[in-house]
Structure formats: C-alpha cells, structure tokens
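The structure appears right after this line, and notes come after that.
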Amino acid sequence: MSAVLQQLVSQPYKHGFVTDIESETAPRGLSEDVIRMISAKKGEPDWLLQFRLDAYRHWLTMVEPTWQNVSHPPIDYQDIIYYSAPKPKKKLASMDEVDPELLRTFEKLGVPMNERAALAGVAVDVIFDSVSVATTYKAKLAEVGIIFCSISEAVHDHPELIRKYMGSVVPTSDNFYAALNSAVFTDGSFVFIPKGVKCPMDLSTYFRINTQDSGQFERTLIVAEEGASVSYLEGCTAPKFDTNQLHAAVVELVALDDADIKYSTVQNWYAGDENGVGGIYNFVTKRGLCQGRNSKISWTQVETGSAITWKYPSCVLLGEGSSGEFYSVALTNHMQQADTGTKMIHVGKNTRSKIVSKGISAGRSSNSYRGLVKIGASADGARNYSQCDSMLIGDRCSANTFPYLTVQNPASIVEHEATTSKIGEEQLFYFAQRGVDAEQAISMIINGFCRDVFIHLPMEFAVEATKLLGLKLEGSVG
Amino acid sequence: MIDNNAATLLEVRNLHATVNGVPILKGLDLTVRAGEVHAIMGPNGSGKSTFSKVLAGHPAYEVTGGEVLFEGRNLFELEADARARAGVFLAFQYPVEIPGVTNSAFLRLAYNAKAIEEGRDELDPLEFDDLVREKAKLVEMDPSFLDRSVNDGFSGGEKKRNEILQMAILEPKLAILDETDSGLDIDALRIVAGGVNALAGPGRAIVMITHYQRLLNYIVPDHVHVMADGRILKSGDRSLALELESRGYDWVTGARQAA
C-alpha cells in the first residue's frame, strides 16, 4: 500500500512550459539606477519614484526575517532580474489583439480567459510577466463607477486614489519583503468600488511567472468605499524551472463604513521537484484594513504551490463592529515548506474575527500554521474564534501550529481549537474494501477535511480547488 | 441452506499468511458454496480475523502460501478495491471513522464504483437517496445518519448497523462478518441479525466470524468450523457450535493434540 500511495503523489507538474515572447529585461541586481529605470519605463510621476526610493533605502537597513519555520539557501538579491516585460505594444481594445502565443499559454493552463470571462461573467485582469496585457469588462464596470485596472494605469488615470491608499495598509517599511516590493513592484491590480456600489461580478486576476529568474513583485490595492462590496479572485500557476524564483507580492485592502471585501486565492506556483529542486519562494504580505464601522474583510486561500510559502493575510479591525475572516487550506507535498496563517488585530469595539485553517502535509514537507490574535486595550466586546486542523499523509512530513494570543482587554472572548489527524492505512483500506481506489479515497477525505474552507470559495474556484488538491496529492500517500 | 449442486464460490486451499513476518495462518482450507452460511469460531489469536483481512486484501498481511479461488479465479491477482467490486465484502469488527466525509456520499461513491465495474448506470445523489433510505429501513437506521460523517461519533451498535447497511447497498456475493456481534446489546444484535438474514439467499454466501454461539441463535449457519493456530481443526453442522458452548475450545484443541 505504501508503494501505491507513494506513486499517487509523484505526478509531475502539469503546467511546466515556457512561452516564447521576447522580453525586455533589466540587468541583474538592485540599485537606485534599476529602480529609476523601472520607474522611467513605466512613465511614473516623481512622487511614485520617491515612494520606491524611500522603500529601497529603508530596505537596505533591514534584514530578512528568520523566525519562520522554513529553511532555504541564502537569496542573492543582486542575482535577480527586477524588471521583465513583453515588448510594449499599443493599447489593446479587445481580446482579439492579444498575442496569440499568450492566449495559447492560457489555453494550456486551462484558462481560456475570453471564454471564461464571457461564460462565467468574470472580468479578468491578466498579469503576464508583470505587465497587464488585457483588461476585460472594464467598460461595463466603469458604468457603475467601478475602477478595475492595472496599478500602472491607475497611477496615470487615478493618481489621487493611488497616492491616498497605496502604502496606507502595508507601509513601505513594514517588513523586509514588503519594502523590497515597494521599491521594485512592476505591476498589479487596482480595484475601486465607489460608495454604495455592489460589484455585479467577481473580479479575477490570473498571475503567471514566465521569464526565468525574474522575480515577481505584484501589488494589489482594493478600496471599497462606504457600503460597497466586492469579491476578488486571484489564481496563480507558473512554468517549471530549476532555479528558485522569488515572489514577493503586496496586497492591500481598505474597507470603509459598511463595506465588504472578499478576497479569494488559489495559489499553485511551481513547487519544485520531488527533491526540492527549483520552485517559487512565495513571500507575500497581504493585509486588510477594516477602517469603517461594520466593515468586513474576508480572506480565503487555497495554497498548494511554491517551494516555500510565507504568507499571513491579516485584518486590522479598526472600525467599531468590523469583522475579519480567514479561511485557509495549505497543502504541502514532497519538499515544500509552508509557514502561513493570519493576524487579526482587534482595535475597535465589538470587533469580531474568525480563523479556520486546514493544513495538509504529505511527502517530506513541512506545514506550519502561525497566527496572531491581538485584542487591544480599546477593543471592548471583541471576539475571536480560531480553529486550526492539521492532516498528515504518510509519516515523513510535519505539521506545526503556532498560535499567538495577545489579550489586553478583559471584556473580550478568544477561543482556539486545534486538531491533528492522519490519513491512515486503515481508512484507505476501508475505502478499498468498499471498492474505492486510493486516489478517490484521498480526494474524498481531503475534500471533507477542507469543506469548512471550500464553502467560502466562489463556486468556480471551489471546483478548481477540489481538482487541484486531488492533482497535487496524486501519488503521495503512504 | 445446503445445496451440494450450488456453484463453489470460495475455495481456500492450504492458505498461509504472515503479519510483520509472524506466521498466523498455517494451512487453512475452506470451501464455501453460493447460498451457504458458514460460522468460523475459535479462541482469541486463532487467526480468524487475519483470515478475513487476507481475503479482503489488507496490505499489512502477506500471503506466503496456498491459494484462494473466488468464482474459480485467483483472488490474490486482484487489489483490495477490485476484490470488493468483484463481490467480496467485509463487515469490519472495528469500522474506522472518516471525519468530514458524509455517510451518504461515501455509500454512493462505493455503490457507483461497483456500478461502473458492472457496466450499470451510476446513480445521482437524488436517485441514490431513494435507494439508501429504503435500505436503511432494513437495519432500522434513522436517515439522519446518512448526513453524518462515516462512523464518526457512532455508537458500537450504530457502526455495526452501518456495516450491514453497506452490505445491503453493495449486494456482495460473499459477505464476511468479522465479529459483527461483538459489543452489541440484545436489541442491536436482533436488528443486525435481521438485516443479515434478509440479505441471505441463494446468490450470496455469508461467512460469520465469532467467538460466541449467541449470534448463531439469530443467524443459523449451515456449517460451523472451529479454528485454532491458523487452521480449521474441526467442521460440522450447527450442533458443533452448541457442543463448543458446553465443552469449550479446549475440547477441540485438546482433541487435536490427542490425534
């Protein structure tokens, strides 16, 4: 049985191919000159160049965090290409104008975006090697005052919004990787939902790393004004390379009074091979600010890829009665390492937060939940509920839970529950004795385990996520 | 029901098996015809449960000798899941819990796996719901159990009833009941036995593994075998079980030493 289980998880990465599009790349390494080049190439205003330079100068004074439960060889930040873009072309008005090569890439990934966009009613802002090449449904959204565009476009078209909000949730000096991102970010998505508008469709961005050795430094900013609501989907996949690629994104969410932001991620960056060669280093800073009264931010993530995941989508609950949610499935296999979780910072009165984390470890992987719940002195009546469940597949992987609770207000309630379980031989035999093979059995057990999280994903994503977990675990149980 | 003209369903010849390198089965012979009900009795450690696991294909048990033919076909050529789909069913002594997987989804997956194998149409959730509710009556199981996780938080009796429900849905040719009576009170025993009796018939053979003659008052066997030290030492009809009850297993194992 062990051999069968081992085979099941050893399926090679399906999306390993490289698209041949001529890139214009910066020289390796980081300096003020490179930052000036990025800024100049993007035709940025001076304040944004200053934003980058401030971040860079601060970054020079910082050191990489070492508290996470992962290990990797030192990263040579001077050996990374910080800018890489498909050759600039004239603005694209429709999907027909998109490079057919690019479209084929998306076909291979199973993301026929024009079809998907039309059929699923999803507007797709495609990030391809750091530059947005197509934005659909933009006009339609604009009718109700919604802005959905690349950060680069937003810098030109809506500078006042970018200036006001960018860096307001994750300051340039926040942490090592956020500072690096602030200095060199190339592009990303911007969403603005004006007062009282409910976004009529899920907004979606597909990210994809394409040029070998090019670090990806996306920046996403979503602002929901008073009474606005939006559901945003982010999905990732990347081709197969042997050298590690650094991915350090920053995502900032701002919710004003009664606003509601739901942010869902399916992350499937290349994870490296069975022996841990290659794979993406995914060091991401995601944070939402519930600034307004009764505002709500909900993070849902399905993390299945990357060699290393370092990611803590967080909520700062400032507004009275605001609430934050974090629903996570993190799956690691082979030599993958994940240290992921959330931070719920309760500042306002009667703020609520809920954390549901499901970690699945297989192969020789390491999977850690790390979460902070902080109830500030002013947060009367605050409530938190946390549930952290781990599932082990095989006996060579590990799962850890690191909950940090800081409670400074006696009139608050904090609950934490944790369980660890194992897909055992006896369970698989039980399925087998009823005629169900190991692959289907594992898929069913995993989906059952993750159900509390999957129900929070948009329908399309839930189906995708279910398939993805099955795929990632093929050949792995033992 | 003994019918010497019935087809031989299971033929076990000189079966040897080990677990972790320790020999447990040491030359077991058994012939089961379609429609028959067999009881295998014996003291703890005699290898009864090992026999059931070996037939079902549990990976921890290694077959080291002998052969088993199921409908004339070498059973060991089939993986555990294929054996199940071919019609070998094991009602577990300790059914495992599968948190997060609902009983109805699990049962439907199993049902459809067999349906596909046999070239029948799969049932969608609604169609399957009709079937499973009907079958649940057989073991007096409340339909609410169908929405609960498989065996999760079930009492001992509920787990055993759930096993028989699965048997009713999968309609196996050979059902092996591994100490299905253990841990059951009289009412639960009556319900479980009633379910088994309703499923017994010409097309299906039942092999009950039990310590106690008590079960045999509810499910009457055609053949009774006494097992010790990894083989069957004595076979007979129902009266053998009654004699064992009064004289104890030593009577058989002692008889063997004398012989």
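Structural remarks
- B:PRO172, sole failed condition from (1) assigned to a helix (DSSP H, G or I); (2) touching a strand residue (DSSP E or B) at 6+ places or on another chain (Cβ under 6 Å): (1)
- Odd one out for A:VAL316 among (1) surrounded by fewer than 22 Cβ atoms within 10 Å (Cβ to Cβ); (2) assigned to a strand (DSSP E or B): (1)
- Verdict on A:ASN384 being of a type outside the set (Asp, Glu), closer than 20 Å to A:LYS343 by Cβ and in contact (Cβ under 8 Å) with a residue 60 or more places away in the chain: no
- Residues being over 14 Å from B:GLU67 (Cα atoms) and out of contact with any His (no Cβ under 8 Å at 6 or more places or on another chain) - total across the range B:19-38: 8
- Any chance A:LEU428 is on the phi < 0 side of the Ramachandran plot, among the hydrophobic types (A, V, I, L, M, F, W, C) and either in contact with a helix residue (DSSP H, G or I) (Cβ under 7 Å, 6 or more places away or on another chain) or open to solvent by less than 20 Å² (accessible area, probe 1.4 Å) (or both): yes
- Criterion violated by B:THR31 - all others in (1) surrounded by 21 or more Cβ atoms within 10 Å (Cβ to Cβ); (2) closer than 22 Å to B:THR180 by Cα; (3) away from every other protein chain (no Cβ under 14 Å); (4) modelled with pLDDT of 95 or more satisfied: (1)
- Candidate set: the range A:405-425, residues that are farther than 30 Å from B:GLU171 by Cβ and within 11 Å of chain B (Cβ to nearest Cβ); chosen: the one surrounded by the most Cβ atoms within 10 Å (Cβ to Cβ): A:SER421
- Of the helices (runs of 4 or more DSSP H) that lie entirely inside the range A:135-197, those containing 3 or more residues that are of a type in the set (A, V, I, L, M) and over 18 Å from A:ALA248 (Cα atoms) span A:138-143.
- Among the candidates A:PHE461, A:PHE429, residue that is part of a helix (DSSP H, G or I) and more than 11 Å from chain B (Cβ to nearest Cβ): A:PHE461
- Just one of the listed residues (B:ALA136, B:ALA205, B:ALA115, B:ALA198) is among the small types (Gly, Ala, Ser) and within 14 Å of chain A (Cβ to nearest Cβ), and it is B:ALA115.
- Pairing residues of the range A:453-466 that are of a type in the set (Gly, Ala, Ser) with residues that are assigned to a helix (DSSP H, G or I), at Cβ distances under 6 Å and at least 6 apart in sequence or on separate chains, gives A:ALA462/A:PHE454.
- Flag for A:SER378 being open to solvent by less than 10 Å² (accessible area, probe 1.4 Å) and either without any contact (Cβ under 8 Å) to a residue 60 or more places away in the chain or on the phi < 0 side of the Ramachandran plot (or both): no
- Lone unmet requirement of (1) in contact with a helix residue (DSSP H, G or I) (Cβ under 6 Å, 6 or more places away or on another chain); (2) within 17 Å of B:PRO172 (Cα to Cα) for B:VAL32: (1)
- Of all residue pairs spaced 6 or more apart or on separate chains, those with beta-carbon atoms under 6 Å, a first member in the range B:59-72 that is over 16 Å from B:VAL32 (Cα atoms) and within 14 Å of chain A (Cβ to nearest Cβ) and a second member that is in a loop (DSSP other than H, G, I, E, B) and not basic (Lys, Arg) are B:PRO59/A:MET1.
- Single residue of the range B:57-84 satisfying the filter (over 19 Å from B:VAL22 (Cα atoms) and under 14 Å from the mean Cα position of the chain (by Cα)) that is surrounded by the fewest Cβ atoms within 10 Å (Cβ to Cβ): B:ARG83
- Identity of the residue in the range A:432-447, open to solvent by less than 20 Å² (accessible area, probe 1.4 Å), assigned to a helix (DSSP H, G or I) and not small (Gly, Ala, Ser), that ends up nearest to B:TYR111 (Cα to Cα): A:GLN433
- Residue in the range B:96-107 that is without any contact (Cβ under 8 Å) to a residue 40 or more places away in the chain and in a helix (DSSP H, G or I) present: yes
- Just so you know, in the range A:339-356 the residues that are of a type in the set (Gly, Ala, Ser) and without any contact (Cβ under 8 Å) to a residue 60 or more places away in the chain include one that is farthest from A:THR401 (Cα to Cα), and it is A:GLY348.
- Residues in the range B:132-165 that are out of contact with any Pro (no Cβ under 9 Å at 6 or more places or on another chain), in a helix (DSSP H, G or I) and surrounded by 15 or more Cβ atoms within 10 Å (Cβ to Cβ): B:LYS135, B:LEU138, B:PHE145, B:LEU146, B:GLY157, B:GLU158, B:ARG161, B:ILE164, B:LEU165.
- Yes/no for A:ILE446 being aliphatic (A, V, I, L, M) and within 14 Å of chain B (Cβ to nearest Cβ): yes
- Residues of the range A:383-404 include at least one that is away from every other protein chain (no Cβ under 14 Å), farther than 27 Å from A:GLY305 by Cα and crowded, with 24+ Cβ neighbours inside 10 Å.
- Hits in the range B:85-111 (condition: on the phi > 0 side of the Ramachandran plot and within 8 Å of another protein chain (Cβ to nearest Cβ)): B:GLY100
- Residues of the range B:119-131 satisfying the condition of being surrounded by fewer than 20 Cβ atoms within 10 Å (Cβ to Cβ) and in contact (Cβ under 8 Å) with a residue 24 or more places away in the chain: B:ASP129, B:LEU131
- Top-ranked residue of the range A:155-177 - restricted to ones that are farther than 15 Å from A:ARG52 by Cα and without any contact (Cβ under 8 Å) to a residue 40 or more places away in the chain, ranked as surrounded by the fewest Cβ atoms within 10 Å (Cβ to Cβ): A:GLU160
The values are calculated or read from the model by the stated rules, or taken from the named source; none is laboratory data. Model, not experiment: these values are computed from the prediction. Cβ coordinates were reconstructed from backbone atoms using ideal geometry, including for glycine residues, and neighbour counts include every protein chain displayed. In case anyone asks, the SASA skips ligands and DNA or RNA and just uses the protein heavy atoms, side chains included. Shrake-Rupley method; radii C 1.70, N 1.55, O 1.52, S 1.80 Å.
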